[in-house]
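J.: Following this message is one structure expressed as structure tokens.
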């Protein structure tokens with residue numbers, strides 16, 4: 001009798017396993033809205049921007065918007081293997097390389113915010129209020145050599161990390177490997193927290209900084225020291241992947257998300273997103289030249305047309321561009 | 001916020017956990033169910049594979065046996081991130097198994113945890129079955145048990161250990177984060193489990209919610225262990241009953 005008991009246990013285990021597996025596949029099939037997988041940077045997630053956009057996008061396109069929480073480096077790597085449907089990242093140099101390698105077909109700047117140099121409240125390097133972040137880096141390095149300051153780097157190949165490394169290289173300082181230079185190897189939120197614990201300096205995007213400040217309150221014993229330098233601008237690009245290379249991705253929904261983000265509605269939503277009192281992202285589709293970035297005229301014109309043919313409204317400032325563009329097409333016809 | 005020497009986050013976390021549990025927050029419920037479903041499936045499949053494998057190795061004598069035992073012992077300590085990375089590369093759209101379209105699905109998470117759990121279940125089973133008194137086997141044979149009966153008798157004797165194997169397997173599955181993060185992708189409402197949600201919330205500085213989910217995770221593991229331990233004790237009671245029977249057969 002007892003032997004059967006054991007055989008029974010085994011049978012139940014196998015049966016339950018099968019039932020669970022069936023249940024799982026059943027669960028996967030019975031979700032009606034299509035899933036969109038965005039490979040994105042930690043900052044768009046940590047600030048809550050995507051959580052805020054999700055219900056709008058999901059309702060409008062009967063979609064299920066999801067995202068992979070990665071640094072820009074990893075996001076680009078994952079997308080280049082066809083493991084995501086669309087990219088929302090922030091490292092212009094690598095974004096352009098990605099498109100050039102024909103991994104992506106279209107890229108536009110969709111929004112921006114800026115980076116800030118943050119550090120301990122007592123500011124041992126005395127960089128508070130400096131307008132030139134490169135000079136501030138030099139001072140931190142000098143104090144670091146004296147053992148009086150610490151710099152915490154993302155050290156994770158992310159967009160923020162790339163920007164920080166560019167500042168070090170324009171300051172002509174090799175920070176890597178120095179005892180005062182800590183590489184966290186983590187996302188923006190954790191890196192700020194590490195530098196809070198170490199009372200070090202770090203570069204953060206303003207969005208993540210504001211969000212952490214509102215979440216952590218007085219436990220975050222850091223302050224903004226340098227801001228407003230043009231080297232600290234942080235534009236976000238949205239990239240449509242090459243469907244010839246990645247036939248399996250959900251390209252239809254990806255294009256819808258692209259259109260949604262650059263549409264009048266999307267751009268307004270981005271502008272309206274606030275944490276506490278602060279606006280975290282500024283819409284930039286069609287007007288990157290207003291903050292001194294190269295204009296993206298041909299892409300903007302193409303996408304303005306795409307928006308119109310998808311019964312979506314381009315942002316007001318882009319509509320003006322079209323009005324300007326139409327006469328030139330007419331003159332082209334006459335010639 | 002009141003300052004309580006750093007304890008307030010843990011305290012509020014506990015409070016928030018109770019709040020989340022009793023308010024029946026749909027997102028928390030979904031995350032908890034995903035965790036249970038994935039780890040439960042992985043544990044059961046792991047038991048279905050690990051128990052027969054572990055028992056066979058314990059009961060049979062064959063040439064590469066010692067080597068196989070070493071392999072299983074090594075696999076018991078497989079680092080989850082390595083399993084995650086390997087499976088990610090396998091299941092990636094550009095990977096050799098990309099055509100299965102399993103990446104970022106709960107099934108991929110089950111697979112990852114199965115790889116981690118099966119050796120653990122096998123290893124614990126192996127030692128449990130090996131520890132069964134050798135005299136029992138001799139006695140069974142001398143009393144004329146055929147090989148199948150013999151195996152049954154030994155497994156019955158080792159059933160407490162087998163249950164432990166399942167408990168240990170489940171414990172390592174439900175607490176695992178590295179592998180399911182990589183192959184599951186932590187997608188909201190689909191592959192976001194308790195552990196991966198805790199990582200995300202911690203990164204965002206939302207410590208109260210993170211610790212709340214941590215408390216739910218602990219509570220869950222505790223509840224399931226209580227259930228299994230209860231089962232274990234009942235089995236033990238059954239064992240004593242059987243022994244009593246054996247000692248007083250036809251009096």
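J.: Let me have the relative contact order for chain A, percent, based on Cα pairs under 8 Å that are six or more residues apart. Numbers along the way, then the final one.
T.: Working: 555 pairs, mean separation 73.9, N = 335.
This gives 22 percent for chain A.
J.: Over the Cα atoms, compute the radius of gyration (one decimal) and Dmax (the largest Cα-Cα distance, rounded to a whole number) for segment B:26-242, in Å.
T.: Taking only Cα atoms of segment B:26-242, I get Rg and Dmax of 19.8, 66 Å.
J.: Something else: Using 0.36 nm times the number of residues separating residue A:174 and residue A:291, minus their current alpha carbon distance, what extension gain do you get?
T.: The residue A:174-residue A:291 span can extend by a further 39.2 nm.
J.: Further question: Per residue of A:189-198, how many C-beta atoms from partner chains lie within 10 Å of its own C-beta, taken as a mean?
T.: Going residue by residue through A:189-198 and averaging, the value is 2.
J.: Taking Cα atoms of segment B:36-128, Rg/Rh with Kirkwood Rh, to two decimals?
T.: 1.04
J.: Decide, for segment A:199-239, between rounded, prolate and oblate: order the square roots of the alpha carbon gyration tensor eigenvalues as a ≥ b ≥ c, take rounded if a/c falls under 1.5, and otherwise choose prolate if a/b is larger than b/c, else oblate.
T.: Oblate.
J.: So, one more: Given axes a ≥ b ≥ c from the Cα gyration tensor, I'd like to know whether segment A:115-232 is rounded (a/c under 1.5), prolate (a/b larger than b/c) or oblate.
T.: rounded
J.: May I ask you to derive the FRET efficiency for residue A:302 and residue A:278 from their Cβ-Cβ distance with R0 = 35 Å, giving the value to the nearest 0.05?
T.: 0.60
J.: Let a ≥ b ≥ c be the square roots of the eigenvalues of the Cα gyration tensor of the protein assembly as shown; is it rounded (a/c under 1.5), or, if not, prolate (a/b larger than b/c) or oblate?
T.: prolate
J.: What percent does the relative contact order of segment B:26-242 come to when contacts are Cα pairs within less than 8 Å and at least six residues apart?
T.: Averaging sequence separation for qualifying contacts and normalising by length gives 30 percent for segment B:26-242.
J.: Using a Gaussian network model of chain B whose springs link C-alpha atoms within less than 10 Å, name the residue from B:26, B:52, B:147 with the highest mean-square fluctuation.
T.: B:147
J.: Listing A:90, A:106 from the residue with the fewest other Cβ atoms within 10 Å to the one with the most, what is the order?
T.: Ranking A:90, A:106 by Cβ neighbours within 10 Å, fewest first, gives A:106, A:90.
J.: Please give, to one decimal in nm, the separation of the simple spin-label points placed at residue B:101 and residue B:225, each 7 Å out from Cα toward the Cβ.
T.: Using points 7 Å along Cα→Cβ, the separation is 4.1 nm.
J.: Output the peptides B:168-177, A:176-185 sorted from most to least packed, where packing is the average of other Cβ atoms within 10 Å over each peptide's residues.
T.: Final packing ranking: B:168-177, A:176-185.
J.: In whole angstrom, note down how far apart the Cα centers of segment A:95-146 and segment B:41-71 are.
T.: Distance between centres, Cα-based: 54 Å.
J.: If you rank A:273, A:98 by fewest surrounding Cβ atoms within 10 Å, what's the result?
T.: A:273, A:98
J.: Still on this structure: For the pair residue B:175 and residue A:214, how long in nm is the line joining their label points, each one 7 Å along Cα→Cβ?
T.: It is 3.6 nm.
J.: Which of A:216, B:90, A:222 has the fewest other C-beta atoms within 10 Å, and how do the rest follow up to the most?
T.: B:90, A:216, A:222
J.: A further question on this structure: How high is the FRET efficiency from residue B:33 to residue B:10, r the C-beta distance, R0 22 Å, rounded to 0.05?
T.: Computed FRET efficiency for residue B:33 and residue B:10 comes out at 0.30.
J.: Gaussian network model of chain B, Cα springs within a sub-10 Å range: biggest mean-square fluctuation belongs to which of B:64, B:165, B:223?
T.: Ranking B:64, B:165, B:223 by mean-square fluctuation puts B:64 first.
J.: Still on this model: Work out how much length residue B:82 to residue B:160 would gain on full extension: take 0.36 nm times their residue separation and subtract the Cα-Cα distance, in nm to one decimal. Could the numbers behind the result be given before it?
T.: Working: separation 78, 0.36 × 78 = 28.08 nm, distance 3.15 nm.
Full extension of this stretch gives 24.9 nm more.
J.: Then there's this: Under 8 Å for C-alpha pairs, at least 6 residues apart: give me the relative contact order for segment A:115-232, rounded to a whole percent.
T.: 45
J.: Still on this structure: Suppose the chain between residue A:142 and residue A:271 were pulled fully straight at 0.36 nm per residue; how much longer would it get relative to their current alpha carbon spacing?
T.: 42.5 nm
J.: Just tell me how shielded B:200-211 is by partners: mean number of partner chain Cβ atoms within 10 Å of each residue's Cβ, no decimals.
T.: 6
Since every read-out is calculated from the coordinates, none of them should be taken as a lab result. Everything quoted here is computed from the prediction, not taken from an experiment. Glycine gets a Cβ as well: all are built from the backbone with ideal geometry, and neighbour counts include every protein chain shown.
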